[in-house]
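J.: My structure is below; once you've seen it, I'll send some questions.
What follows draws every value from the coordinates through simple rules; no lab data is involved. Bear in mind that the values here come from a model prediction, so they are computed numbers and not experimental data. Here the Cβ is made from the backbone with ideal geometry for all residues, glycine too, and neighbour counts use every protein chain on show.
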2 protein chains.
Amino acid sequence: MPEHALPYRPHNHQACVTQALADARSICRQANARLTPIRERVLELIWQSHKPLGAYDILAKLGSDGHSSAPPTVYRALDFLLQYGLIHRIASLNAFVGCAHAGERHRGTFLICRTCGTVLELTMPDLMQAIETAARTEAFQPDDVTLEVAGLCPQCQGDHHHD
Amino acid sequence: MPEHALPYRPHNHQACVTQALADARSICRQANARLTPIRERVLELIWQSHKPLGAYDILAKLGSDGHSSAPPTVYRALDFLLQYGLIHRIASLNAFVGCAHAGERHRGTFLICRTCGTVLELTMPDLMQAIETAARTEAFQPDDVTLEVAGLCPQCQGDHHHD
DNA sequence: CAAAGTTTGAAACATTATAACATTTGCGGA
DNA sequence: TCCGCAAATGTTATAATGTTTCAAACTTTG
């Protein structure tokens with residue numbers, strides 16, 4: 001077992017991208033959803049690192065591609081990818097990150113490094129269950145849970161330089 | 001013990017406001033911080049209900065007051081109030097709500113009704129502890145936790161009309 | 001009072017997100 | 001095939017949220 005989770009170690013990141021795209025194609029095929037070129041390209045761009053990407057960053061990268069697009073193009077692709085659980089929105093950053101557990105039906109917990117921006121997604125079913133139970137104890141019917149932890153990733157602790 | 005938490009029941013809300021303002025004055029006095037008229041007024045506006053208020057909503061209300069202000073006025077007051085723990089920012093709504101546990105040093109959990117907007121703040125120390133422990137297990141040093149649950153409050157369940 | 005620091009005013013600008021409507025594309029049935 | 005519908009994309013404009021910058025006013029302290 002590795003000392004640190006994958007996003008925190010050097011790794012062949014292209015493999016992450018390839019896997020994510022293959023998973024996405026499979027998930028969309030099963031759901032009869034159309035993973036169009038734009039949607040796939042947006043997903044690929046988001047997966048280019050383990051750092052969340054803002055909608056306008058994506059827009060700019062699409063521009064460098066040759067596609068020249070407007071905001072709705074990106075937001076529509078993002079909505080699609082969110083809908084099929086292929087990406088997550090990080091509310092505290094207004095940004096989007098690839099889902100590390102696509103197809104698993106889960107609620108993610110996100111560890112967000114405030115120095116380098118890297119995000120690690122955890123699934124903690126028992127904890128999520130406890131949160132939902134607490135909500136129901138207040139007669140509240142829970143629907144979505146946003147759980148984001150900001151702090152320092154292993155790489156950035158003891159460091160004083162950025163990114 | 002009441003069946004439902006306070007924000008969900010009819011109550012003398014003016015008492016909430018008065019208490020919040022008194023607490024704020026006391027906290028600021030102890031911290032040698034200046035709760036200026038603008039800051040106090042912003043806090044009062046935020047406390048006018050148990051629903052989060054956006055920065056531009058606050059700006060508009062300040063305008064109706066006679067104060068005509070610009071966005072930085074509001075954001076500066078909000079920064080101050082956040083710094084002293086008198087309000088919380090709801091990341092999933094880009095909005096602000098009065099802190100129900102000012103001065104207690106805590107991490108809040110927010111139950112946000114997606115129909116009426118009402119927010120209930122809970123403190124769940126054990127759960128927060130568990131989250132931080134999980135983060136540290138990944139060699140991540142946690143700093144801030146954003147925990148927001150969207151769903152239906154007791155009043156809005158079974159309801160099909162809004163607010 | 002005078003200097004230094006804090007708070008507020010004001011204008012411009014930057015970033016994030018949506019609305020509205022036209023056009024194109026993919027796809028199933030006549 | 002090709003017609004027609006629905007889904008997807010293009011395009012323009014605008015709304016909503018948040019920041020930078022610099023100047024003026026106020027507070028505190030020596």
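J.: Taking θ as phi - 60°, what are the ³J(HN,Hα) couplings along the stretch B:54-60 by the Karplus curve (6.51, -1.76, 1.60), each to the nearest whole Hz, with x for Gly and Pro?
T.: 3J(HN,Hα) across the stretch B:54-60, in whole Hz: x, 4, 7, 5, 4, 4, 5.
J.: Can you give the % of DSSP beta bridges in the stretch A:6-156 that are antiparallel, to the nearest 5?
T.: On the way: 10 of 14 bridges.
If we restrict to bridges inside the stretch A:6-156, about 70 percent are antiparallel.
J.: Please list, by residue number, every one of the GluC sites (Glu not before Pro) in the stretch A:62-163 that is coil in DSSP and has at most 13 other beta-carbon atoms within 10 Å.
T.: Hits after loop and neighbour filter: A:E104.
J.: Could you name the lysines whose alpha carbon sits less than 26 Å from that of A:K61, not counting residues in the same chain fewer than 8 places away?
T.: Cα-Cα hits under 26 Å: A:K51.
J.: Moving on. Could you list the trypsin sites (Lys or Arg not before Pro) in the stretch A:1-53 that lie in coil according to DSSP, counting only those with at most 13 other Cβ atoms within 10 Å of their Cβ?
T.: Working: sites: A:R25, A:R29, A:R34, A:R39, A:R41; in loops: A:R34.
Answer in residue order: A:R34.
J.: Where the centre of each part is set by its Cα atoms, how far does the stretch B:97-155 sit from the stretch A:62-125, in angstrom?
T.: Comparing the Cα centres of the stretch B:97-155 and the stretch A:62-125, I get a distance of 22 Å.
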